[in-house]
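The values are calculated or read from the model by the stated rules, or taken from the named source; none is laboratory data. This structure is a prediction, so every number in the text was calculated from the model and none was measured. Neighbour counts run over all protein chains shown; Cβ positions are idealised from the backbone, glycine included.
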Amino acid sequence: MQRNYSIDSLKAVCAILVVFLHAKYVYQSAIIPLARCAVPCFFMISGYLLYKSGGIGTERLKRSIRHILKICVWATLLFVVWQAVFGVLTNDPLSFPSVRTMIVWVVFNQCPFGFHLWYLYAYLYVLLIVYVIDKHKKWKWLFISAPILLLASVVFYVLPFLHIELPLVCHRNFIFVGLPYFTMGALMKELWTKQLPNKLNIFGIILFATTSIIESVIWAKFGIDRGPETYLSTPLLSLSLFLLFLSLKETKPTWLSRNGERDSLYIYILHPIFFNILTLLFMRRGWQHIYSLISPFVIYVFTLAAIIILRKIKVLKS
């Protein structure tokens, strides 16, 4: 089967969106509602690429589990070291996580050494669950559960309006984000035999991007400082973006697809380090205003440059 390089291009776009999601800049309120679709798309891509008609295969899942487990280990160790180093630079020494924090890490994927590493652990848990599902040939259960889990996220969305706010980890984890979006990707492979017209996908992106921004404005009007992890429009925006790139069917690699294939994971893992470094440098130089305008672009460029250098000196795989 010929590789669809447009999926790799989507990975690159999602990596850029993740940087915009985590950086601090003056126009953040306008971008974050759109960038929320990045992680759902990553999970959908994984489900789509791994799934084949009828399942995935336990051997393939075992390889994927071993692979992501290795990534979880080295990424966590990297950020343990980085927190210690950055703590010295900022006079904020590394403290050992409490028992409660460790339990939250195990149960809800919230790694105490890197806020963004929850995605890796959520993906690991998803693969472990999918392994059991695949082994017992119960994919029907997973396909039924996906819309139920997505609907459950509506409850978390409504609670702050009722002045009830649960910790973020209760709904940003493998259960309510990882599993439903991974399953959506697999479901696209199983059922989506006829592509929607590109115009319709583009219309969906414009429509649900607009409604996402409207939702963010409504949240602000209610005086809720932290918006939801995903908006009601996020699943539809993510799906529209995914289907658009799926329909492009690039048969030859481009710079964007190569960047997505080789670098998107490393960009996701490493960008907070450059967020810390560059923020510290710009703040100490008194260039806060300039930095607030360009921070996502600078962080992305420095992260990508570091990845290229690390690959050249054989620290990272080509």
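So here's what we get for this one:
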read-out: Residue match in the stretch 286-296 (condition: surrounded by fewer than 17 Cβ atoms within 10 Å (Cβ to Cβ) and outside any helix (DSSP H, G or I)); value: yes
read-out: Positions within the stretch 174-204 being under 18 Å from the mean Cα position of the chain (by Cα) and of a type outside the set (S, T, Y), in sequence order; value: F174, I175, F176, V177, G178, L179, P180, F182, M184, G185, A186
read-out: Which numbered condition S240 fails, given (1) in contact (Cβ under 8 Å) with a residue 40 or more places away in the chain; (2) within 30 Å of L61 (Cβ to Cβ); (3) within 17 Å of the chain's Cα centre (by Cα); value: (1)
read-out: Checklist (1) modelled with pLDDT under 90; (2) part of a helix (DSSP H, G or I); (3) surrounded by 15 or more Cβ atoms within 10 Å (Cβ to Cβ) applied to E250, failing item; value: (2)
read-out: Filter result (within 18 Å of A35 (Cβ to Cβ), touching a Ser or Thr at 6+ places or on another chain (Cβ under 7 Å) and of a type outside the set (V, I, T)) within the stretch 205-254; value: F208, S212, E215, S216, G227, Y231, S233, L237, F245
read-out: Options L187, L196, L179: the member that is within 24 Å of F242 (Cβ to Cβ), at pLDDT 85 or above and surrounded by fewer than 21 Cβ atoms within 10 Å (Cβ to Cβ); value: L187
read-out: Hey, V132 surrounded by fewer than 20 Cβ atoms within 10 Å (Cβ to Cβ), at pLDDT 95 or above, under 30 Å from W192 (Cα atoms) and among the aliphatic types (A, V, I, L, M) or not; value: yes
read-out: Cross-chain or 6+ apart pairs with Cβ under 6 Å, the stretch 82-93 first and small (G, A, S), then outside any helix (DSSP H, G or I); value: A84/L94; G87/P93; G87/L94
read-out: L77 being assigned to a helix (DSSP H, G or I), touching a helix residue (DSSP H, G or I) at 6+ places or on another chain (Cβ under 8 Å) and either of a type in the set (A, V, I, L, M) or at pLDDT 95 or above (or both); value: no
read-out: Residue selected from the stretch 12-48 under the condition more than 21 Å from Y121 (Cβ to Cβ), of a type in the set (G, A, S) and over 13 Å from the mean Cα position of the chain (by Cα), by the criterion surrounded by the most Cβ atoms within 10 Å (Cβ to Cβ); value: A23
read-out: I277 being closer than 30 Å to L159 by Cβ and surrounded by fewer than 21 Cβ atoms within 10 Å (Cβ to Cβ); value: no
read-out: Filter result (assigned to a helix (DSSP H, G or I), without any contact (Cβ under 8 Å) to a residue 12 or more places away in the chain and not aliphatic (A, V, I, L, M)) within the stretch 142-196; value: none
read-out: Among the candidates I205, I218, residue that is more than 26 Å from N91 (Cβ to Cβ), β-branched (V, I, T), out of contact with any Phe, Trp or Tyr (no Cβ under 9 Å at 6 or more places or on another chain) and buried (at least 17 other Cβ atoms within 10 Å of the Cβ); value: I205
